[in-house]
1. By how many degrees, between 0 and 90 and to the nearest 10, does the Cα long axis of helix 76-85 differ from the longest principal axis of the chain?
2. In debye, nearest 20, what is the charge dipole magnitude of the chain about its Cα centre with +1 on Lys and Arg Cβ and -1 on Asp and Glu Cβ, if you could check?
3. If you take all C-alpha pairs in the chain, what percent of them are over 40 Å apart?
4. Return, for the Cα atoms of the range 290-378, the radius of gyration and Dmax in Å, separated by a comma.
5. Per residue and in Å³, how big is the convex hull formed by the alpha-carbon atoms of the range 393-536?
6. Please report the projected area of the range 326-454's Cα convex hull averaged over all directions, in nm².
7. Distance between the C-alpha centers of the range 471-541 and the range 395-457? Whole Å please.
8. Please state, as a whole number in µm²/s, the translational diffusion coefficient that the Stokes-Einstein equation yields for the range 58-210 at 10 °C and 1.306 mPa s, with Rh defined as the Kirkwood radius across alpha carbon pairs.
Amino acid sequence: MKKITLLILFVFYLFTSFSQNNNSKPKLVVGIVIDQLRYDIIAKYWDKYSNDGFKKVINQGAFCKNAQYNYTNINSASGCATIACGSYPAQHGIVNLQWYDRITNNEIFCVDDNTYSQVGTNFGSGKSPENLSSLTWTDQLRISTFKMSKVFSVGLKDYSSIISGGKLANAAFWFDENTGNWVTSSFYMDSLTEWVNNFNSKKFADIYMERTWQTTFPIQNYVESLSDGTTYENGFDGQSTFPYDLNSLKTKYRNYSVLKFTPFANNLTKDFAINLVMNEYLGGDTYTDVLLINFSATSFIGDLFGLQSVEIEDAYIKLDKDISHLIAAIEDYVGQNEVIFYITSDRGSCDNQDWLHDINITTGEFNSTRATVLISSYLRAVYGMSNWIEGFFNDELYLDQFEIDKASLSVEEFQQKSAQLLVNIDGINTVISSSELQKGTFSAGIMQQAQNSYFQGRSGDLFVILDYGWRVKSSNPSLCNCNSAFIENTHVPVIFYGKNISQKEIYRQISMDDLATTMCFLLNIPLPNKCTGQPITEIIE
């Protein structure tokens, strides 16, 4: 009898242990990526947030306060890919929004794919995640559950939604500013589902386009920003003071494009995301589902008004309310202790150059066209009259390797000669050749950052890293977007909140390829095939 009793107890223990382990997985994971959310921004406007948005997830969740991207030429597309794949551009292949293709002699946009077409609009080329060279953590979730887990991605931008969702997402949706509708690609489906068509038919974008953007609080309370309408702002076609009447502004912009430069774009994204959860029945069974959301209005507003503006402060105050509403709606629908949320950013952001100059920080503008002409003239003088350079793209110089090979010359020598000349130009901090990156393995510093950025076949021959405060000259400059490799652009918040996440602050340095790894450990699924990150042990213990 004792043996039988012990056997029964042992079986009961195994059953309950398995049940507890099985129940430890959340029904739904919601990954929130906020464009250009530099680390200090959350604390900067803390006193103006509600109790149920940023304050709730930080006060009740785990806050990684020293998370950083460890590569050069940081941009939105590669940031989204790093979060999704648990690796850097050297592995996942998304080196920028677009890159130069040596075979076609054209720039390739990261998600353009003419094999497919957009669904829900007649504008724009086909899109897909085929340029991703790695699986994402959500791909591994879908594989491990035989596609029973559902994965959806939502964002204003096509590339952020597509890259975040990976290759096996049920669908990625983005906002078409030509029609005001949410659309997708034939990569995922041949036609929009009924609920998406119903959502589009309500014309929420038109409703928002009739509104006026006013500050949440009296404008004199925005003491964390420079005064409204400073000379450091570009604004809406010259207008840079509140209020902003979208009904009058829309005549100056193409279709619905003005909407993305206002907090209403985040409102619209949040509303669509909540509708998706309910209409796709996310979190409705025993398989963990995933919703990935990209809030992009903050980057567009930063482009026009800069990081020190009242507009960007008000955008984050309003986004805090959107996050509060999103969390409440999802927890109410799925269950308060059945969801894990994470909040992070695709990259940091840079201070306005004119403002930096006026407070005595050295700044400048690097003219890549002039630099290319200078190097081309030098190489012709040394090696003969030939077109030795293909161009300068994304802070990278591309040599014409075919011409160099045809002349039986050394590509490495060309790189060294070009680097020696480039590094003497004002504003350039470091120049690194692809030959250096291919020869060895670097464990720290700018060389490791460059190596993490280098993807053979897409990256250039020379990486040009500018000094702090310097930007590449552009015909359409952004006030706070830059490819800086310095901490202003690398340091972002990472916050986990929800099921089985205990409150804590983590101060050790976290690499941004660790986020996907941590999600895999939380869900007990395989790591992405090119994953380089480590689990954040404080989250999973």
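Each reported figure results from applying straightforward, stated rules to the coordinates on display, with no laboratory input. Quick caveat, the model's predicted, so the values are computed rather than measured. Cβ placement follows ideal geometry from the backbone for every residue including glycine, while neighbour counts extend to all protein chains displayed.
1. That works out to roughly 40 degrees.
2. 1460 debye
3. The calculated P(r) of the chain puts 26 percent of pairs beyond 40 Å.
4. For the range 290-378, the Cα radius of gyration and maximum Cα-Cα distance read 20.4, 66 Å.
5. 167 Å³
6. The directionally averaged projection comes out at 13.8 nm².
7. 28 Å
8. For the chosen part, D equals 94 µm²/s.
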